[in-house]
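Report on the following structure.
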Amino acid sequence: MQLATHSRADVLPGVVPSLLLCCVQKLAHKLIKYGPKKVRLAQLSVLHRFALEALLDVLVVKNALNDNVLPYVLTRQTQRLCLEGCSQLRRCLLNTIGHSCPNLRVLDVRGCQQVDNRIVRDVLQNCEHLSALRLEGCTRISDTAFAPALWKPPLAGLLGLEELSIGKCGQVTAEGLLGCVMKGAPLLKVLGLAFCRLMVTDDVAAELLFNFGLESLDLSGCSQITDVPFRARSHSMLRELHVASTQISDAAIESFAPSAPNLEVFNAASVIKLSDRSIVALADSCKFLRTLCICNTQVTDAAFEAIVQCRRLECLDASWCVRATARALEILAGGASAADRLDAKRNTGTDGRSSAPCLRELKLEGLGGVALDFGPDVLLARPDPWKFTAKGGMGGSSPTWMQLRLPADPPSLLLPPPATILSPPLHWRSEKSMQDDWAHSCEMLPPSCADVSAAQAATHIAPSVCLKNLTVLYGRSLEQVLLDGVRNVVDAPVLQAIADNCPLLQQLALSFSAPVLHEGSQGSGQDCDAALGLALRAVGAECRHLSRLSLDSASRPHLALIAPLAPPCFPRLTSLSLCCSKSGGLLDQELELILGDRVGLETLELRNCEGISEGLFSKWCHRESHDEERVVEQLDQALLSSLTFGYGGAPTPSLLDFAATELEAPSARLLRRRQHPRCAAALALRSVSYFSLGGVSALSDRSTDALAELLHDAQTVKVWGCALLTEDALRSFRKGCRYLRSVTIVTRDRTLSWTAATSGVKRHRHRRSSFHNSGSSGTDD
């Protein structure tokens, strides 16, 4: 019985589902499609525990769990109950969880805002074997949920509790946390307090960091904590710490890192005060560090020098570190050639552990900023950039926001002398001429900066070459490579290196720059596109586990990427994000080529789709021929009404009856065709659960109604950049998508949104506020 281990094998690439799991998925499909008409709900309770839990997982993921099925899933043998995001379930059914499932071990009700104190207290009172309780987002929870009722025995479920998540539960106080939870749960090891701003103070954070023996602590979004609690004690047993979106600084990490030598996971995303000092302290003290998240911080290239020293590092997330440059790729790659690194790996061992960490996830999205220009024509600023004073000397220091990169002076607009030969453009110049210009620019710098800049020019390696070397060094273990927003890095050789060296790759996000022709090259732009298409096709053929793909081609023509994305390339693809060229956008035939014969697609994001016509989705639903039949029907009715025998006579009943019978048949055929579209692209949209479409200026309410019919099982829909849409489009999505969780439509002057949790329409005016009450929300069924 391996079903418990592979209960989500449908979303894990490379895992072959068992026969029992296939039967459960087929049962779930029949239950979703037909309900109690073809499935006896009373027979669900006799299924094996693994089968019942797997069936529940499928229904929750599809957002198809309802009040009719849940009572038959709550049995005495149930040990794991995951109801994340099931906000449509009634509270009266959730009240029976504690009494119906006495052997429950894991309860996950994250995002269920209808869960109150009574439900949680009954579970803790009756489920003695409970080990994990996840209540994140249950805003009705307060201290009363963890205190026994009057004249009741202590809560037996707290005694064996090992994991508790109460993030975003604003009614829980510090007294209830320390007095009821921490004292009543002596075995607690994992505690999540994300975005509990009022509850978590410096005193509470100091107690949780050092006194209760916790192994995992989540303090993300707790903006009240400072550096003081991290200096309270000298030893901590924490292995996992999350401090994202807090106000701590380098002093806190420098004090805490030596006291937590067993730290394995550190998440400091969006900590604005974090810099290189914290990374150096973690690398020196935490030798078992496996996961490091420092996205949107103030780290520079010096931090990557320390990151390379973390030999056990597996996951690195340094996205949107705007102070870092392309040299970070060079540091991670080791700065050597591929042959040298391969020889070093042969000498030190097959895994290369002595020379570099074994990275599995590499996330460098937006490295250096959105419009980062790599190359030697960009001067890297020193930590203390110089500036001229009023007296002509150099001194003082610039503000923090200026300590990024100093761009080179713009070229002069004056015409050169007649005898002077014009220099070729930058993208036509050779690498040697660019290095010469770099050396010439170093002569214009102060003496203290000239040596550093000359050293950088001598050791400069193109970012694409660094990325190619990096894939060769870490390719055998890489599972995620996210470089979205990093320009001038991806080319055909890089894609070929990814195809040759990354057999376990599962997620890939890349940004393509404008085609560049170097001096002496004999090819053309079409040759570059052809090479790029062949390399991308090789990635789809060699990386057989690739399930998530994101390609940004806004700066170059996207035509070369369309053919490699068409099936049978990328056979396991479940998520596709494509940003097309701004000139022309995605066309109808290109979208049909991408979606044709595509199976198992769950997420689809399309941007810059100006080329999609207004009647594309209507054609996929076979509505164009139906519109013609409707016009013929109206003409026939007008013609029959004018047929009379004599003055003032009525049309013959036989003709009217014949016309009615003939006009009813197309309507029946219309209904059957709308339920079963025959277009291959339309069939691919049936499995999409997340859909985002942007830039279709021709999209109208009529097209949106056809799109809602195609997205039958969609749960989240986002449509933006469509100025012609009204509230009728929102109503079409609510009517056509039966498992819809949220929908957002951005028009020219307002945003229409609807969520299943609130069940209401929120209007946000872009230009001015309107207090006019129309008397209707526009979404009445």
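The values are calculated or read from the model by the stated rules, or taken from the named source; none is laboratory data. This structure is a prediction, so every number in the text was calculated from the model and none was measured. Neighbour counts are summed over all protein chains in view; Cβ atoms, including those assigned to glycine, are modelled from backbone coordinates with ideal geometry. Ligands, DNA and RNA are stripped out before the accessible areas are found, and what is left, the full protein with its side chains, is counted by its heavy atoms. Shrake-Rupley method; radii C 1.70, N 1.55, O 1.52, S 1.80 Å.
List the residue pairs whose Cβ atoms are under 8 Å apart, where the first residue sits in the stretch 463-491 and is in a loop (DSSP other than H, G, I, E, B), the second is at pLDDT 90 or above and of a type in the set (Phe, Trp, Tyr), and the two are 6 or more positions apart or on different chains.
Note: pairs meeting the criteria are Gly485/Trp320; Val490/Phe512.
Any idea which of (1) modelled with pLDDT of 95 or more; (2) open to solvent by 40 Å² or more (accessible area, probe 1.4 Å) is the one Leu164 doesn't satisfy?
Against the list (1) modelled with pLDDT of 95 or more; (2) open to solvent by 40 Å² or more (accessible area, probe 1.4 Å), Leu164 comes up short only on (2).
Show me the strands (runs of 3 or more DSSP E) entirely contained within the stretch 185-293 in which 3 or more residues are more than 27 Å from the chain's Cα centre (by Cα), surrounded by fewer than 19 Cβ atoms within 10 Å (Cβ to Cβ) and not charged (D, E, K, R). First the steps, then the outcome.
On the way: elements: 190-192, 216-218, 240-242, 265-267, 291-293.
Counting at least 3 such residues, we get no strands (runs of 3 or more DSSP E) at all.
Counting only residues that are of a type in the set (D, E, K, R) and closer than 25 Å to Gly485 by Cα, which one in the stretch 294-320 is farthest from the chain's Cα centre (by Cα)? Spell out how you get there, then give the answer.
Here is the first cut: in the stretch 294-320, the residues of a type in the set (D, E, K, R) are 301, 305, 311-312, 314, 317.
Within this subset, residues satisfying the condition of being closer than 25 Å to Gly485 by Cα are 301, 305, 314, 317.
Working: Asp301: 26, Glu305: 28, Glu314: 20, Asp317: 13 Å.
Step by step, filter the stretch 294-320, then rank; the result is Glu305.
On the basis of being at pLDDT below 90, more than 30 Å from Leu740 (Cα to Cα) and open to solvent by less than 20 Å² (accessible area, probe 1.4 Å), does Ala659 make the cut? Give the steps one after another, and end with the answer.
On the way: at pLDDT below 90: yes; more than 30 Å from Leu740 (Cα to Cα): yes; open to solvent by less than 20 Å² (accessible area, probe 1.4 Å): yes.
Answer is yes for this residue.
Residue check: is Gly648 at pLDDT 70 or above and either assigned to a loop (DSSP other than H, G, I, E, B) or open to solvent by less than 20 Å² (accessible area, probe 1.4 Å) (or both)? If you could, list the steps in order and put the result at the bottom.
Working: at pLDDT 70 or above: no; either assigned to a loop (DSSP other than H, G, I, E, B) or open to solvent by less than 20 Å² (accessible area, probe 1.4 Å) (or both): yes.
For Gly648, the condition - at pLDDT 70 or above and either assigned to a loop (DSSP other than H, G, I, E, B) or open to solvent by less than 20 Å² (accessible area, probe 1.4 Å) (or both) - is not met.
In the stretch 167-176, which residue that is touching a strand residue (DSSP E or B) at 6+ places or on another chain (Cβ under 9 Å) and surrounded by 17 or more Cβ atoms within 10 Å (Cβ to Cβ) is farthest from Val109 (Cα to Cα)?
It comes out as Gly176.
Condition check ((1) open to solvent by less than 10 Å² (accessible area, probe 1.4 Å); (2) part of a loop (DSSP other than H, G, I, E, B); (3) acidic (Asp, Glu)) across all residues:
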residue	(1), (2), (3)
Leu21	yes, no, no
Ser45	no, no, no
Leu52	yes, no, no
Val60	no, no, no
Asn63	no, yes, no
Arg76	no, yes, no
Leu81	yes, no, no
Gly85	no, yes, no
Gln88	no, yes, no
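For the stretch 741-760, give me each residue that is more than 16 Å from Asp713 (Cα to Cα) and either at pLDDT 90 or above or open to solvent by less than 50 Å² (accessible area, probe 1.4 Å) (or both).
Taking the stretch 741-760 as the starting set, the residues that turn out to be more than 16 Å from Asp713 (Cα to Cα) are 744-754, 757-760.
Selection gives Thr744, Ile745, Val746, Thr747, Arg750, Thr751, Leu752, Ser753, Trp754, Gly760.
Considering Leu578, Leu536, Leu604, which residue is under 20 Å from Gln480 (Cα atoms), touching a Phe, Trp or Tyr at 6+ places or on another chain (Cβ under 7 Å) and either at pLDDT 95 or above or among the aliphatic types (A, V, I, L, M) (or both)?
Values: Leu578 fails: touching a Phe, Trp or Tyr at 6+ places or on another chain (Cβ under 7 Å); Leu536 fails: touching a Phe, Trp or Tyr at 6+ places or on another chain (Cβ under 7 Å).
The match here is Leu604.
Restricted to the stretch 693-718, and to residues that are open to solvent by less than 10 Å² (accessible area, probe 1.4 Å) and small (Gly, Ala, Ser), which residue is farthest from Leu573 (Cα to Cα)? So that I can check it myself, show each step before the final result.
Narrowing the stretch 693-718 to residues open to solvent by less than 10 Å² (accessible area, probe 1.4 Å): 693-694, 696, 699, 703-704, 706-708, 710-711, 714, 717.
Restricting the remaining residues to those that are small (Gly, Ala, Ser) gives 694, 703, 706, 708, 714.
Values: Gly694: 21, Ser703: 27, Ala706: 25, Ala708: 23, Ala714: 17 Å.
My answer is Ser703.
For the stretch 90-112, how many residues meet the condition of being surrounded by 16 or more Cβ atoms within 10 Å (Cβ to Cβ), in a loop (DSSP other than H, G, I, E, B) and among the hydroxyl-bearing types (Ser, Thr, Tyr)?
Selection size over the stretch 90-112: 0.
If I ask for residues that are under 24 Å from Leu56 (Cβ atoms) and either under 27 Å from the mean Cα position of the chain (by Cα) or outside any loop (DSSP other than H, G, I, E, B) (or both), which ones from the stretch 140-163 would you list? Working first, answer last.
Initial filter on the stretch 140-163 (under 24 Å from Leu56 (Cβ atoms)): 140-141, 145, 157, 160-163.
Within the stretch 140-163, Ala145, Gly157, Glu163 qualify.
Exactly one condition in (1) of a type outside the set (Lys, Arg); (2) part of a loop (DSSP other than H, G, I, E, B); (3) over 33 Å from the mean Cα position of the chain (by Cα) is not met by Gly176; state its number.
For Gly176, the exception is condition (2).
This table checks each residue for (1) touching a Cys at 6+ places or on another chain (Cβ under 7 Å); (2) closer than 23 Å to Gln506 by Cβ.
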{"residue": "Glu254", "(1), (2)": "no, no"}
{"residue": "Val271", "(1), (2)": "no, no"}
{"residue": "Ser275", "(1), (2)": "no, no"}
{"residue": "Ile279", "(1), (2)": "no, no"}
{"residue": "Asp284", "(1), (2)": "no, no"}
{"residue": "Phe304", "(1), (2)": "no, no"}
{"residue": "Asp317", "(1), (2)": "yes, yes"}
{"residue": "Arg323", "(1), (2)": "no, no"}
{"residue": "Leu332", "(1), (2)": "no, yes"}
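If I ask for residues that are in a strand (DSSP E or B) and of a type in the set (A, V, I, L, M), which ones from the stretch 574-597 would you list?
Our first condition is that a residue be in a strand (DSSP E or B); within the stretch 574-597, this holds for 575-579.
Matches in the stretch 574-597: Leu576, Leu578.
Would you check which residues across the stretch 598-617 are more than 16 Å from Asp588 (Cβ to Cβ) and either aliphatic (A, V, I, L, M) or not in a loop (DSSP other than H, G, I, E, B) (or both) and list them?
Val599, Leu601, Thr603, Glu605, Arg607, listed by residue number.
Of the residues that sit in the stretch 115-139 and are open to solvent by less than 10 Å² (accessible area, probe 1.4 Å) and within 28 Å of the chain's Cα centre (by Cα), which one is farthest from Leu214 (Cα to Cα)?
Val115
Just name the residue that is least open to solvent (accessible area, probe 1.4 Å) out of those in the stretch 23-37 that are touching a helix residue (DSSP H, G or I) at 6+ places or on another chain (Cβ under 9 Å) and over 16 Å from Tyr72 (Cα atoms). Don't jump to the end; show me each part of the working.
Step one: of the stretch 23-37, the residues touching a helix residue (DSSP H, G or I) at 6+ places or on another chain (Cβ under 9 Å) are 23-25, 27-29, 31-32, 35.
When the remaining residues are screened for being over 16 Å from Tyr72 (Cα atoms), the result is 23, 25, 29.
On the way: Cys23: 75, Gln25: 59, His29: 117 Å².
Out of the qualifying residues, it is Gln25.
Residue by residue through the stretch 724-740, note down the ones that are part of a loop (DSSP other than H, G, I, E, B) and touching a Ser or Thr at 6+ places or on another chain (Cβ under 6 Å). Steps first, answer last, please.
Taking the stretch 724-740 first, the residues part of a loop (DSSP other than H, G, I, E, B) are 724-726, 737-740.
Once the filter is applied, which keeps residues that are part of a loop (DSSP other than H, G, I, E, B) and touching a Ser or Thr at 6+ places or on another chain (Cβ under 6 Å), the stretch 724-740 yields Leu724, Leu725.
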